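*Asks:* Next up is a structure, given as structure tokens.
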Amino acid sequence: MSAQLLTYLFVGASFALYIGIAIWSRSASTSEFYVAGSHVSPVANGAATAADWMSAASFLSMAGIIAFEGADGARYLMGWTGGYVLLALLLAPYLRKFSKFTVPDFVGDRYYSHTARLVAVVCVMFISFTYVAGQMRGVGVVFSRFLEVDINVGVIIGMGIVFLYAVWGGMRGITYTQVAQYCVLIFSYLVPAIWISIILTGNPLPMLGLGSEMNDGTGQYLLDRLDGMTTELGMTAFTDGSKSTIDMFCITAALMAGTAGLPHVIVRFFTVPKVRDARISAGYALIFIALLYTTAPAVAAFARINIINTVEGISYTVAPEWFHKWEDSGLVAWLDKNHDGKVQYRGGAAMSPAAPNFTGARGEQGQRTVSNAPTDNENELYIDRDIIVLAHPEIAKLPNWVIALVAAGGLAAALSTAAGLLLVISTAVSHDLLKKTLMPHITDKQELLFARIAAAVAVGVAGLVGIYPPGFVAQVVAFAFGLAAASFFPVILLGIFSTRMNKEAAIAGMLAGLVFTAAYISWFKFIDPAASTPAHWWFGISPEGIGALGMLLNFAVSFVVMRITPPPPQEVVDIVEHIRVPRA
Amino acid sequence: MENKNKYWKANLRLMLSLLAVWFVVSFVCGILIVDWLNQFHLFGYKLGFWFSQQGSIYVFVVLIFVYVWRMNKLDKAFDVHEED
């Protein structure tokens, strides 16, 4: 069967499964809609958290980034897993004991302030919309590449599916769908990785294969081989980094604290029955996540080796099929600088600007020509990093069903994250904005209706952003993590660990962290992007890592302000004492 | 009250020692001294590279499970555990 037919089959079957779960798990009250009635088992919540957390970025982009950046990719690997240690030890058990529905709920009650709650609502909306736009786009890309439908049709199909189980099923529907989606995504990530690991090293575990000897009788370690290949071609050796130590440190710290402060992750820990369950559930979640994260560097290294082996020095006309197909999709480009008709893959960007602008014409070998200026290095090849996970089964010549499986996995990753984010957005509107602030007298039934309407509107907006992506989507991801690190993480942490922390300090700290981080990122991303070089950055910290500094600023401002303002009222101190012990 | 304070102190001690390990495997071994560690090898891995792309993640998982195990014991010892 063709890859396309198989993809229709796999994607269709997985969608039927998600819809079936949605119908089975309809939510009937706000408690079920917001937190699945707090009846979810810790293992199921762990799997759901893993699917919620691992987005199109983790599934599709991360291995590609590592493949081309090598050692520098570690900031994502450590940052996006280390955050779970913070979450498990510092936040999850206490927030579960607090036992409300949302993150703004905690901020509003702990800081006895509507202003604090509203600041939190704005942050939640901003972070979640930023994030969801990328997911919808990811759905569209997978559809267009593998099912050969228009990207927009893909986005609309994705919206329809999410609409069904998020609006109908609420958190209950989302939770059980996410469990299924986790199974689909991890299976489809591991199968090709294991397969290629066996081909290259003979070791069936990709995490060990990465540290093993090549299977070709040379006895050379795989990573040594790859380092040799990359250095020989004038690229940075795979196991060497090119980012400065301080920047790596700050980016990793910002990603960790940001992960722990992301509202759609935190809210998952409201769905388990007990404090004890919240603790262990974070452990299960991290095991499920680590399975993909420890495989990703192996996928990256295998793909890099296979790419170099299959295209470097080869005549364009006899290049493998995947090369031509991805060139047709505009994600691979070849600029024949020395007119020898052969692909020359070297270090540095092949053209300027780095991403190709196709002219629509074909060159002498049949390649798509570009209007970019050639750079003066020898590299002739542009490969978009996002294609690595989707393309590596083809590059390694695996059978069609594996390729189809990866498409279904990519969709599962994007849809599960989108649904979790949309729920957080709808809850922020119906619960925090309407019930707790504007319309306190509505009944549970009315609140549930508002929650459904808000979810439906949010799905629509997310779809529109996916169809008409604002050019800055990629840049604003740094925003989401930076802002979560600089706003929520310190405020929640101090809210639990300091009884002296008061409303004035929380609001001042959140605003200081937010304004500082947002200003720094905006300056280098939008106002003066040309100046975004290590020489101009403060202390050499890139906009990606500035959230770490914003977080320190938040802590510092909070400490000063809480010393010079009145302590919180006794009933708030009682709340803090109460959430610190599991039974009280 | 006395009991609660002791429980909280024990909790903080456990938490801080686990976070110290968390910091050492990721920020120290994976970032600050990664180049120095890279002179050593673990099978085909340079040691620093292994910490930053594999080892730290395994340690994170272990840390959470140690925390769960020790906290459950602590809850029982101070009689603040949840009823089944």
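We did not get these values from a lab; they are worked out from the coordinates using the rules stated. Only a predicted model underlies this, so the values are computations on that prediction, with no experimental measurement involved. Here Cβ is always computed from backbone atoms with ideal geometry, including for glycine, and neighbour counts include all displayed protein chains.
*Asks:* To the nearest 20 debye, what charge dipole does chain A have about its Cα centre, counting +1 at the Cβ of each Lys and Arg and -1 at the Cβ of each Asp and Glu?
*Replies:* The dipole of chain A has a size of about 2120 debye.
*Asks:* Sequence gap at least 6, Cα distance under 8 Å: using those rules, report the relative contact order of region B:2-77 to the nearest whole percent.
*Replies:* In percent, rounded to a whole number, it is 33.
*Asks:* Per 5 Å bin from zero, what fraction in whole % of the C-alpha pairs of region A:269-418 is there, up to the bin with the longest pair?
*Replies:* Histogram of Cα-Cα distances, whole percents per bin: 2, 8, 14, 18, 16, 11, 9, 7, 5, 4, 3, 2, 1, 0.
*Asks:* Please list 3J(HN,Hα) in residue order for region A:127-144, calculated via the Karplus relation 6.51 cos²θ - 1.76 cosθ + 1.60 where θ = phi - 60°; whole Hz, with x for glycine and proline.
*Replies:* For region A:127-144, the Karplus curve yields 4, 6, 5, 3, 6, 6, 4, x, 5, 4, 4, x, 4, x, 5, 4, 4, 5 Hz.
*Asks:* Where a ≥ b ≥ c are the square roots of the eigenvalues of the C-alpha gyration tensor, would you call region A:446-580 rounded, which needs a/c under 1.5, or, failing that, prolate if a/b is larger than b/c, or oblate?
*Replies:* It is oblate, given that a/c is not under 1.5 and a/b is not larger than b/c.
*Asks:* How much length is gained on full extension from A:Glu232 to A:Arg346, taking 0.36 nm per residue of separation minus their Cα-Cα distance?
*Replies:* Here the segment from A:Glu232 to A:Arg346 would lengthen by 40.2 nm.
*Asks:* Hey, another quick one. Under a straight-distance cross-link criterion of Cα-Cα below 19 Å, which lysines are reachable from A:Lys397, leaving out those fewer than 8 residues away in the same chain?
*Replies:* Candidates past the 8-residue exclusion: A:Lys325.
*Asks:* Determine ³J(HN,Hα), in whole Hz, for all residues of region A:62-72 in sequence, where each value follows from phi through the Karplus function 6.51 cos²θ - 1.76 cosθ + 1.60 and θ = phi - 60°; x replaces Gly and Pro.
*Replies:* Running phi through 6.51 cos²θ - 1.76 cosθ + 1.60 with θ = phi - 60° gives 4, 4, x, 5, 5, 4, 9, 9, x, 4, 4 Hz.
*Asks:* Please work out, to two decimal places, the log10 of the ratio I(q)/I(0) at q = 0.18 Å⁻¹ from a Debye calculation in which every Cα of region B:2-77 carries one identical scatterer.
*Replies:* Result of the Debye calculation: -0.72.
*Asks:* Considering Cα pairs under 8 angstrom that are at least six residues apart, work out the relative contact order of chain A and quote it in whole percent.
*Replies:* Over chain A, the number comes to 27 percent.
*Asks:* While we're on this one: In straight Cα distance, which aspartates and glutamates are under 15 Å from A:Lys243, not counting same-chain residues fewer than 8 positions off?
*Replies:* Hits, sequence-local ones excluded: A:Glu69, A:Asp72, A:Glu544, B:Asp35.
*Asks:* So what is log10(I(q)/I(0)) for the protein assembly as shown at q = 0.05, 0.09, 0.12 1/Å, when the Debye sum runs over its Cα atoms only?
*Replies:* The computed values of log10 I(q)/I(0) come out as -0.23, -0.75, -1.34.
*Asks:* Relative contact order (percent) for region A:483-584, with alpha-carbon contacts under 8 angstrom and 6 or more residues of separation?
*Replies:* It comes to 43 percent, rounded to a whole number.
*Asks:* Give me the angle, in degrees from 0 to 90, between the Cα long axis of helix A:168-201 and the longest principal axis of the Cα atoms of chain A, rounded to the nearest 10.
*Replies:* Taking the Cα atoms of chain A, the angle to A:168-201 is about 30 degrees.
*Asks:* Next up: Report the charge-dipole magnitude of region A:122-225 in Debye, nearest 20, computed about the Cα centre from +1 at each Lys and Arg Cβ and -1 at each Asp and Glu Cβ.
*Replies:* The dipole magnitude comes to about 360 debye.
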